[in-house]
Amino acid sequence: MTVYQFLRLFVLWACVPHFCCPELTFRRTPGLQQTTAESHAPRSDGKILHRQKRGWMWNQFFLLEEYTGSDYQYVGKLHSDQDKGDGSLKYILSGDGAGTLFIIDEKTGDIHATRRIDREEKAFYTLRAQAINRRTLRPVEPESEFVIKIHDINDNEPTFPEEIYTASVPEMSVVGTSVVQVTATDADDPSYGNSARVIYSILQGQPYFSVEPETGIIRTALPNMNRENKEQYQVVIQAKDMGGQMGGLSGTTTVNITLTDVNDNPPRFPQNTIHLRVLESSPVGTAVGSVKATDADTGKNAEVDYRIIDGDGTDMFDIITEKDTQEGIITVKKPLDYENRRLYTLKVEAENTHVDPRFYYLGPFKDTTIVKISIEDVDEPPVFSRSSYLFEVHEDIEVGTIIGTVMARDPDSTSSPIRFTLDRHTDLDRIFNIHSGNGSLYTSKPLDRELSQWHNLTVIAAEINNPKETTRVSVFVRILDVNDNAPQFAVFYDTFVCENARPGQLIQTISAVDKDDPLGGQKFFFSLAAVNPNFTVQDNEDNTARILTRKNGFNRHEISTYLLPVVISDNDYPIQSSTGTLTIRVCACDSQGNMQSCSAEALLLPAGLSTGALIAILLCIIILLVIVVLFAALKRQRKKEPLILSKEDIRDNIVSYNDEGGGEEDTQAFDIGTLRNPAAIEEKKLRRDIIPETLFIPRRTPTAPDNTDVRDFINERLKEHDLDPTAPPYDSLATYAYEGNDSVAESLSSLESGTTEGDQNYDYLREWGPRFNKLAEMYGGGESDKDA
């Protein structure tokens with residue numbers, strides 16, 4: 001063995017902990033005590049620094065965790081080679097847990113742990129030790145640092161981060177398909193022994209699934225697992241430390257595995273033949289029924305598309321795929337007729353829309369079924385031979401003439417007889433009628449194209465056996481024209497001729513109109529009823545004619561008006577003609593032929609203002625009258641406003657009358673003679689501050705006896721006016737020029753209220769009558785207000 005190999009083995013042996021001998025004793029070597037090391041940093045005085053080599057040193061102690069003994073756990077011993085055993089040295093410990101977790105015997109240097117230590121909480125502790133002279137308390141050795149390392153034991157079981165895992169894998173997967181990986185952790189020291197080495201195994205879920213021992217990956221163990229047979233699986237996985245050997249700790253977790261669906265099942269109809277029924281009266285688009293093919297798959301793998309691939313009803317029916325229910329809805333495509341066909345056969349196919357190529361070997365992913373649809377008979381309404389009818393008739397036919405016939409039949413096999421009627425809402429004038437048995441339309445009143453060229457009628461056909469089944473059809477009647485109207489003047493002509501007219505002068509152009517409408521168009525001829533020496537008619541051959549003069553000059557004083565009969569005729573058969581009379585006035589004209597006057601004597605208009613000026617003056621007068629009326633109404637309204645609007649209105653109002661009374665000499669406000677002579681007759685005087693609206697009859701009161709005191713007389717009159725509904729509720733100031741005895745209530749003024757002691761009592765105000773109720777409410781509530 002070489003020297004290098006020996007040194008290497010010695011170093012390895014020194015680094016391995018020896019639990020059998022925890023005491024580490026380090027002795028000072030005399031030869032090494034004086035060993036010095038040269039410093040590379042010279043001092044300022046030129047001397048070289050020398051470092052004394054430490055005489056005792058150590059690296060680390062080892063301690064097992066989870067000690068269960070009753071005594072303190074011995075860690076190790078510190079000893080200096082200067083310790084003579086006489087107790088002159090004292091060992092001091094400081095650092096992590098010193099004095100609490102770790103204690104040292106200051107005389108012997110023995111280190112103990114005071115409680116159980118968990119490596120998972122702290123793997124090592126760093127402390128500092130020093131030996132000092134007990135008497136001088138000076139260190140005999142420099143302070144050194146050492147480590148107490150906690151050795152791990154297998155006291156933690158593997159744990160999974162989740163108690164329950166959820167995973168999925170497609171059905172029909174091959175063996176070994178990865179499902180999910182679970183991982184457990186162990187808090188023990190992985191660098192020491194097998195305490196943290198975890199091995200996985202499966203406790204529940206075989207033979208469907210397996211787990212890799214080292215990685216925890218769960219894989220499928222059986223081929224072709226079918227979701228339709230079993231969808232949910234529960235797998236229990238165990239993680240065990242110590243490499244899975246006996247004595248190791250373990251933990252478990254549960255994995256819920258779901259087989260997801262794949263399209264491995266084709267659709268299948270539950271029946272080979274399906275029977276449906278539909279009424280022949282069902283409109284287009286009516287749902288006849290539904291067919292459904294079942295598919296064991298779910299989701300999009302179960303989506304099915306339906307179509308009609310064969311049958312004798314492909315033109316009469318259609319099928320629609322309902323996405324929500326995955327049903328095929330058969331609908332009516334064309335109108336049905338029980339009398340024509342009573343049974344249809346369809347071949348319906350259902351096919352998956354999402355097919356997985358991996359499962360083509362399982363067969364075609366489609367299926368077919370036969371659908372037989374029976375048509376049921378219903379009592380249908382009558383059917384007309386046409387959708388509408390058009391009849392043309394001349395307006396000169398006789399009443400009762402048949403203009404056309406409508407035809408209808410009962411489409412049912414019973415062939416019920418039909419009854420025809422005319423909707424009178426379409427023939428309010430009752431010009432037409434219909435034969436109820438054969439549907440012949442005839443006139444009941446004369447026709448006139450000039451009044452109405454078209455008649456839009458509605459004929460109703462109903463079964464006699466079932467009158468509720470009716471059908472309507474439109475009948476259009478066109479009235480053809482017959483030349484039964486003579487032409488007439490187009491407008492009324494106001495014709496005049498000048499006195500100075502010359503022969504052959506044009507005085508009027510006339511035209512005509514005709515209510516008839518011949519096929520070849522209108523053509524009129526104009527002529528005179530008799531030869532006229534004054535005027536003649538010249539036909540322009542364009543349905544107009546000119547009126548010309550035949551003599552030179554006319555005299556309005558001799559003849560002021562001429563009547564000219566003109567014959568107008570058409571060219572249709574039979575020829576119709578009429579005579580129209582033109583009224584021609586003789587008028588005075590200027591040199592240009594403009595009419596100036598047509599009367600025998602010209603009217604002389606007085607000179608004056610023009611019409612526009614007269615209208616303007618009239619409008620101004622009307623406006624002034626309106627302003628005056630409004631001003632008077634406003635002034636009257638202001639005089640009617642009372643001084644106080646309401647009996648309940650107690651606001652202070654200042655009314656200015658703008659006049660000054662006459663004092664004692666003013667006898668208009670009150671008849672002083674009444675006070676001096678109570679027996680005098682009182683006259684009713686009206687208020688002067690407002691205009692009275694209604695005059696009340698004055699109430700006559702009995703005359704007081706001569707010996708009645710004036711005060712009593714005034715009280716009686718006051719009471720009388722309080723009870724009088726016609727008395728105005730206004731306060732008036734009147735001068736009586738009479739002073740009676742003192743008032744029982746004394747003064748009502750509040751000017752002297754400040755000199756009185758205490759509160760005054762105003763309850764007597766309630767005894768004074770209705771006029772003092774407001775004052776009683778204002779002053780009589782003092783006590784209650786204070787109490788409140």
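Miscellaneous remarks
- Virtual spin-label span in nm between residue 309 and residue 522, 7 Å along Cα→Cβ: 7.6 nm
- Förster radius 51 Å - calculated FRET efficiency between residue 185 and residue 290 (Cβ-Cβ, nearest 0.05): 0.35
- Ordering of 73-80, 620-627 by burial proxy (mean other Cβ atoms within 10 Å per residue, highest first): 73-80, 620-627
- Distance between the 7 Å Cα→Cβ label points at residue 454 and residue 583: 4.1 nm.
- The HN-Hα couplings worked out from phi for segment 90-107 by the Karplus form 6.51 cos²θ - 1.76 cosθ + 1.60 (θ = phi - 60°) are 10, 9, 10, 10, 9, x, 5, x, 5, x, 10, 7, 10, 10, 10, 7, 5, 8 Hz, whole numbers, x standing for Gly and Pro.
- For segment 514-523, 3J(HN,Hα) per residue [Karplus equation, 6.51 cos²θ - 1.76 cosθ + 1.60, θ = phi - 60°, Hz, x = Gly/Pro]: 9, 5, 6, 9, x, 5, x, x, 7, 9
- A cut-off under 12 angstrom between Cβ atoms defines the neighbours of residue 526, and their net charge, with Lys, Arg +1 and Asp, Glu -1, is -2.
- Distant-in-sequence amide contacts of residue 140, defined by a placed amide H-H separation under 5 Å and a gap of 5 or more residues or a different chain, comprise 131, 132, 133.
- With θ taken as phi - 60° and the Karplus curve 6.51 cos²θ - 1.76 cosθ + 1.60 applied, the whole-hertz 3J(HN,Hα) list for segment 201-215 is 8, 9, 9, 9, x, 7, x, 7, 9, 9, 9, 6, x, 8, 9 Hz, x standing for glycine and proline.
- Proximal charge balance of residue 512 [Cβ under 14 Å; K/R count +1, D/E count -1]: -4
Where a number appears in this text, it was derived from the coordinates with a stated rule and is not lab data. Quantities reported herein were computed from a predicted structural model and do not represent experimental measurements. In this analysis, Cβ positions are derived from the backbone assuming ideal geometry, glycine residues included, and neighbour counts consider all displayed protein chains.
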